[in-house]
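The values are calculated or read from the model by the stated rules, or taken from the named source; none is laboratory data. Because the structure is predicted, anything quoted here is derived from the model rather than measured. Methodologically, a virtual Cβ is constructed for each residue, glycine included, from the backbone with ideal geometry; neighbour enumeration extends over all protein chains shown. All accessible areas refer to the heavy atoms of the entire protein, side chains included, with ligands and DNA or RNA removed. Shrake-Rupley method; radii C 1.70, N 1.55, O 1.52, S 1.80 Å.
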Amino acid sequence: MAYFEQPERILLPVNVAYMALTVALALLFNLMPWNDLVGVPDLVALVLTFWCVHQPRRMGIGAAWLVGLVMDAGNGALLGQHAFAYAFLAFGAISLHRRILWFSLWRQAVHVLVLLLACQALMLAVRMIAGGAFPGPLYFLGSIVAAALWPTASFFLLLPQRRPESVDENRPI
């Protein structure tokens, strides 16, 4: 039996509480006091992108905007900076979700990298328009790290949706 014909490949429906839990855990990770470290991924952006790609009807632009407002309030950033960028990120992920899912995980990571870089560029543009200084090109290293985490994040975020392997008496062990 080919891999695509296996019943384990068809995922169970996602639980909305699980989606909220993953977003809340990503928020807690982002609100840790390591804003000045270089290369720390924006896990909220990564988790929002994941759920917008895999469940576009349950995670949308409005939810991303609300999470962005919470992120702005928690970080003490310019109100609306993360909200605008996350709403744009959700729009891009929802618009491209069918295309992204056709590719392998590493090729999906390249698509996600472009979305995350655009999200960070929007946050940087809003910060610089408000009078902030340019933090340097290493500012975008977090998006590269987050895109590299895409296959691992996909595995762990889809874990509760996987079907248990059925025991087949006719299959050799």
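Odds and ends about this structure:
- Residue in region 78-98 that is modelled with pLDDT under 95 and either among the acidic types (Asp, Glu) or in contact with a Lys or Arg (Cβ under 8 Å, 6 or more places away or on another chain) (or both) present: yes
- Once region 122-138 is narrowed to residues that are part of a helix (DSSP H, G or I) and either under 11 Å from Leu89 (Cβ atoms) or out of contact with any Phe, Trp or Tyr (no Cβ under 8 Å at 6 or more places or on another chain) (or both), the residue that is most open to solvent (accessible area, probe 1.4 Å) is Ile129.
- Enumeration of residues in region 52-73 that are surrounded by fewer than 22 Cβ atoms within 10 Å (Cβ to Cβ) and part of a helix (DSSP H, G or I): His54, Ile61, Gly62, Ala63, Trp65, Leu66, Leu69, Val70, Asp72, Ala73
- The residues on offer are Ala77, Ala153, and the sole one that is assigned to a loop (DSSP other than H, G, I, E, B) and either under 18 Å from Pro41 (Cβ atoms) or under 15 Å from the mean Cα position of the chain (by Cα) (or both) is Ala77.
- Scanning region 88-143 for residues that are closer than 16 Å to Asp42 by Cβ and more than 14 Å from the chain's Cα centre (by Cα) yields Ala121, Leu122, Met123, Leu124, Ala125, Val126, Arg127, Pro135, Leu138, Tyr139, Phe140, Leu141.
- Screening the candidates Leu78, Leu96, Leu21 for the property of being open to solvent by 40 Å² or more (accessible area, probe 1.4 Å), of a type in the set (A, V, I, L, M) and either over 20 Å from Ser143 (Cβ atoms) or without any contact (Cβ under 8 Å) to a residue 12 or more places away in the chain (or both) yields one hit, Leu21.
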